[in-house]
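> This is the structure I want to talk about, given as structure tokens.
Bear in mind these aren't lab numbers, they're just calculated from the coordinates by the rules spelled out. Everything quoted here is computed from the prediction, not taken from an experiment. Cβ coordinates were reconstructed from backbone atoms using ideal geometry, including for glycine residues, and neighbour counts include every protein chain displayed.
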Amino acid sequence: MPEHPRRDGSVTATGCAICAAPLSGRADQQFCSPACRQTAHRRRTSPTTATTAAAVPAGRGRRAQTVYACEECDQRFAGEQWCPHCQRPCRRLDYGGSCPSCGEPVTLTELIEAPMP
């Protein structure tokens with residue numbers, strides 16, 4: 001079994017733990033300067049680096065990307081759940097939005113299944 005060195009800085013430490021600069025001086029030295037030692041201390045004890053979660057962007061509601069249809073007047077609406085003409089709730093069709101060319105509400109499945117010209 002190979003022998004592992006015990007706390008022998010001259011064998012185990014090759015450079016500064018922060019900036020990898022060559023070490024000079026004591027055999028048990030870990031950092032090249034007081035600034036690197038302070039940086040290591042701040043990294044170990046800072047609550048922001050250990051406990052702060054990544055910022056999650058705010059979610060968008062799915063109503064804005066949904067196409068609805070009124071069952072009374074058979075009119076479609078993008079992002080509106082109530083028919084302004086009939087004052088009745090609309091039925092959800094599918095995800096979609098306004099068509100860029102004509103402006104009419106169109107669902108994603110209609111776009112996918114549409115024949116190519």
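> Can you compute the modelled spin-label distance between Glu80 and Arg37, with each label point 7 Å from Cα toward Cβ, in nm?
The two pseudo-label positions are separated by 7.1 nm.
> Want the number for Glu110 to Arg63: 0.36 nm per residue separation, take away the alpha-carbon distance, what's left?
Here the answer is 15.1 nm.
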